[in-house]
Amino acid sequence: MPLYEYLCDKCGHKFELLRALSDSGEAAPCPRCQSPAKRVLSSFASFSKDSSGQSTPVGGSSCSSCSSTSCDSCHL
Ligand SMILES: [Zn+2]
């Protein structure tokens with residue numbers, strides 16, 4: 001199971017918890033004050049989301065042998 005980081009809004013306690021992926025979006029009980037703590041999104045998760053979003057427009061437009069935005073003129 002993956003390890004997730006949680007931050008309690010109420011007491012500010014930060015803790016790690018092993019949870020199933022399907023449970024990761026739900027609040028976890030704080031071990032200090034028992035109030036529901038929200039998951040902290042790691043920098044790795046936000047980085048992978050950014051890189052996949054940026055790589056999308058690169059592949060779609062033209063082939064490497066022509067400089068136009070479509071390959072209608074190069075017949076490849
Ligand atoms: Zn707490």
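Determine, yes or no, whether residue 7 is in contact with a Lys or Arg (Cβ under 8 Å, 6 or more places away or on another chain) and either open to solvent by 60 Å² or more (accessible area, probe 1.4 Å) or modelled with pLDDT under 85 (or both). Spell out how you get there, then give the answer.
Values: in contact with a Lys or Arg (Cβ under 8 Å, 6 or more places away or on another chain): yes; either open to solvent by 60 Å² or more (accessible area, probe 1.4 Å) or modelled with pLDDT under 85 (or both): yes.
Criteria met by residue 7.
Find all pairs meeting these conditions: Cβ atoms under 8 angstrom apart; at least six residues apart or on different chains; first residue within region 15-28 and among the hydroxyl-bearing types (Ser, Thr, Tyr); second residue assigned to a strand (DSSP E or B) and modelled with pLDDT of 90 or more.
24/4; 24/39
Could you grab me the full set of residues in region 1-15 that are near the ligand (Cβ under 6 Å from one of its atoms) and either over 13 Å from residue 31 (Cβ atoms) or touching a strand residue (DSSP E or B) at 6+ places or on another chain (Cβ under 7 Å) (or both)? Spell out how you get there, then give the answer.
Keep residues of region 1-15 that are near the ligand (Cβ under 6 Å from one of its atoms), which gives 8, 10-11, 13.
8, the sole residue that qualifies.
The values are calculated or read from the model by the stated rules, or taken from the named source; none is laboratory data. It should be emphasised that the depicted structure is a prediction, and the values quoted were computed from it without experimental measurement. Here Cβ is always computed from backbone atoms with ideal geometry, including for glycine, and neighbour counts include all displayed protein chains. Just so you know, the surface numbers come from the protein's heavy atoms only, side chains and all, with ligands and any DNA or RNA stripped out. Shrake-Rupley method; radii C 1.70, N 1.55, O 1.52, S 1.80 Å.
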